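See below for the structure under consideration.
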Amino acid sequence: MPLSITTQEILETIRMVQMENLDIRTITMGISLRDCCRTDAKATAQAIYNKVTRTAKNLVPVGEEIERRYGIPIINKRISVTPIALVAESMGLEGYTIVARALDEAAKEVGVNFIGGYSALVHKGMTPGDKALIDSLPEALSTTDRVCASVNVATTKAGINMDAVALMGRVVKAAAEASADRDGLACAKLVVFCNVPEDNPFMAGAFHGIGEPECVINVGVSGPGVVLNAVRKDPHCDFGTLASAIKHTAFKITRMGELVGRAASESLGVPFGIVDLSLAPTPAIGDSVADILEAMGLERCGTHGTTAALAMLNDAVKKGGAMASSYVGGLSGAFIPVSEDAGMIAAVEVGALTLDKLEAMTCVCSVGLDMIAVPGDTPAETLSAIIADEAAIGMINRKTTAVRVIPVPGKKVGDHVEFGGLLGHAPVMPVHNFSSSAFISRGGRIPAPLQALNN
Amino acid sequence: MSEKKENRVIVTVLGQDRVGIIASVATIIADAGANILDISQTIMQGEIFSMIMVIDMAVATISYDQLRATLEQKGNELGVQIMAQHEDVFKFMHRI
């Protein structure tokens, strides 16, 4: 039977993997824990441990088998679970920590590097269980290695819960203090969201939403290096041509996600949920979203034009990606985690990229202020105000926004923080020194905007 | 997933040209009981050896993982890169 694929196409695929860092960023198994609620914390923790280890037993071996079969690296195998505040509502503060440790142990047992879903949805208000989960975050995140947490404080439909925003500023600060010996690493595992998606495969914000099935496989693709190469090929083409080149490339990248998702779903006997189209960078050279923006003609990421470049890039990625997969979901936006992107780090270091520009980028398609190190003496109210600004952008634009900032204890602007591995390293960035505390102390809820009234 | 259908694997060899690359790779594939369906070989830019083989493993006597490992080892001996990947990866990327 003749070969239906040309030599050029085969070599193109191989080049993408070998030279341009094409990989599948994550296969994330979503597991419902709604049947794990027991009358006391220990029994609940045991039920959670049993269910996670039983359900995800084959996740890592199957992922590795797929890597070998297709010759495409799958960087992470991960698990997301039902927001723990829904499962452990009645456990009290101490009970939550026991549950967090059970999740950590289960993740280690099955060999996944992160387990997400230590989460609460409090956009309109908090139950006692939500409050206990949030209060437990500094200890839970500083005494576990693999547990990731998220708190949704706002939606377009509900408005912004400013009491929760105020509380999260203090919690982020406390989580940094609790892990001061590791430069506030606990904060790298904590995301504060507006309009959080229920099927996001990417950490640290993944959880298994309440509308999800018993178990599901979601896939996150990567590939900034491949897009970068496509952009560099024709440095002087106009934007229509450039968008078309990016679309073609995004299509191919996403097809790999679709293939791996279908294969994992079949091997594990678990339904295939979604492919998340986000271009996820890594600290590796050439695997940077900032490099793509610069290849589009900006001297440095962060200068004037960056927002337009990012908007165009991500729209083209979505258009190409949406055609390549039957089910697109999750965040499917641009990831610009500063510490995880070599080009972003370089742009911050030369003074081209600031917190304010990063915030502007979240207005178009970035999903948030991600992995940003700020001075350790940043007041909790300032952190809350940063969260409020992001939540407002998400609420008004009907999109997901998130904040993952690390107020690094003892560090000041210009210092450097090393988180290691995929989390990378980051220069400490300045925040505005003018106070927001009177604004944050008002409390209450910012009402849902007119955008919510779409029925 | 692919075991039910034809089990076609693409073997790609890239590297510095030298005597005996095709013979070595073909021998490993024959020893594995796999059938070579198609082969295409060129020397790119006058020196880089590139060969693409389509093989059918439906009646192979060793597993895909074993074949892959044997080919990789031979690649190291010959100083070339030998990859084996399931055909679906290329079909999926370039065809709908």
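The values are calculated or read from the model by the stated rules, or taken from the named source; none is laboratory data. As the structure is a prediction and not an experimental result, all values here were calculated from the model. Virtual Cβ from ideal backbone geometry, glycine too; neighbours counted across all protein chains shown. Just so you know, the surface numbers come from the protein's heavy atoms only, side chains and all, with ligands and any DNA or RNA stripped out. Shrake-Rupley method; radii C 1.70, N 1.55, O 1.52, S 1.80 Å.
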Burial of 40 Å² or greater, the stretch A:1-48 residues [accessible area, probe 1.4 Å, versus chain by itself]: A:1, A:3, A:4, A:5, A:7, A:9, A:10, A:11, A:13, A:14, A:18
task: Highest first, please rank the peptides A:182-193, A:405-416, A:234-245 by the mean number of other Cβ atoms sitting within 10 Å of their residues.
output: A:182-193, A:405-416, A:234-245
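Could you sort out which of A:77/A:189; A:357/A:412; A:124/A:318 sit more than 22 Å apart by Cα distance in this structure?
Pairs exceeding 22 Å: A:124/A:318.
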- line: Note to self, chain A gives a 222 nm [θ] from helices alone (DSSP H runs n ≥ 4, -39500 (n - 2.57) apiece, / all residues, nearest 500) of -14000 deg cm²/dmol
- request: Please name whichever of A:434, A:354, A:448 sits farthest to the positive end of the charge dipole of the stretch A:349-454, dipole taken about the Cα centre and charges placed at Cβ: Lys and Arg +1, Asp and Glu -1.
  value: A:448
query: For chain B, what is the relative contact order in percent, using Cα pairs closer than 8 Å and at least 6 residues apart in sequence?
result: 39 percent
message: Explain nothing, just the number: dipole magnitude of the stretch A:26-194 about its Cα centre with +1 on each Lys and Arg Cβ and -1 on each Asp and Glu Cβ, in debye rounded to the nearest 20.
response: 460 debye
query: With contacts defined as alpha carbon pairs under 8 Å and 6 or more residues apart, what's the relative contact order of chain A in percent?
result: 18 percent
- line: With every protein chain kept in place and a 1.4 Å probe, the residues A:434, B:90 fall, from largest accessible area down, as A:434, B:90
task: Label the stretch B:8-94 by shape, choosing from rounded, prolate and oblate, from the square roots a ≥ b ≥ c of the eigenvalues of the Cα gyration tensor; if a/c is under 1.5 it is rounded, and otherwise prolate applies when a/b is larger than b/c, oblate when it is not.
output: oblate
query: Going highest first, how would you order A:384-397, A:341-354, A:437-450 by mean Cβ packing within 10 Å?
result: A:384-397, A:341-354, A:437-450
statement: The percentage of the accessible area of the stretch A:221-443 (probe 1.4 Å, all protein chains present) made up of carbon and sulfur atoms, to the nearest whole number, is 55 percent
message: Cross-link candidates for residue A:399: which aspartates and glutamates have Cα within less than 16 Å, leaving aside residues fewer than 8 places away along the same chain?
response: A:198, A:199, A:276, A:315, A:359, A:370, A:389, A:390
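Using +1 on the beta carbon of Lys and Arg, -1 on that of Asp and Glu, and nothing else charged, what's the dipole of the stretch A:1-107 about the Cα centre, debye to 20?
Charge dipole, the stretch A:1-107, about its Cα centre: 300 debye, nearest 20.
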For peptides A:194-204, A:323-333, sequence by mean Cβ density within 10 Å, most packed first: A:194-204, A:323-333
- prompt: Relative to the Cα centre, what is the charge dipole magnitude of the protein assembly as shown, using +1 at the beta carbon of each Lys and Arg, -1 at the beta carbon of each Asp and Glu, and rounding to the nearest 20 debye?
  reply: 980 debye
query: How crowded by other chains is A:252-263, given as the mean number of beta carbons from other chains within 10 Å of each beta carbon?
result: 3
- line: quick note, the protein assembly as shown, DSSP beta bridge pairs, % antiparallel (nearest 5) is 55 percent
- line: With a Förster distance of 22 angstrom and the Cβ-Cβ distance between residue A:350 and residue A:438, calculated FRET efficiency to the nearest 0.05 equals 0.05
task: Any lysines with Cα under 20 Å of the residue B:91 Cα? List them, leaving off those in the same chain fewer than 8 positions away.
output: A:247, A:252, B:4, B:5
message: Can you tell me what percent of all Cα-Cα pairs in the stretch A:26-194 are more than 19 Å apart?
response: 55 percent
Mean separation of Cα contacts under 8 Å, 6 or more apart, over the residue count of the stretch A:26-194: relative contact order %: 21 percent
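Using a probe of 1.4 angstrom, how much of the accessible area of the stretch A:26-194 is carbon and sulfur, in percent? It would help to have the intermediate numbers written out before the result.
Details: 2770 of 5460 Å².
Roughly 51 percent, rounded to a whole number.
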message: I'd like to know how the protein assembly as shown sits against the 2.2 N^0.38 Å rule of thumb: what's its Cα Rg over that expected value?
response: 1.01
- request: Provide a whole-number value for the mean count of partner chain Cβ atoms within 10 Å of the Cβ atoms in peptide A:65-71.
  value: 5
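May I ask for the accessible area buried between chains B and A, both sides summed, probe 1.4 Å, to the nearest 100 Å²?
Adding both sides of the contact gives about 2900 Å².
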- prompt: DSSP beta bridges in the stretch A:26-194, what fraction antiparallel, as a percent rounded to 5?
  reply: 10 percent
query: FRET efficiency for residue B:40 and residue A:233, Cβ-Cβ distance as r, R0 = 22 Å, nearest 0.05?
result: 0.35
query: Shielding of B:37-46 by partners, i.e. mean partner chain Cβ atoms within 10 Å per residue?
result: 2
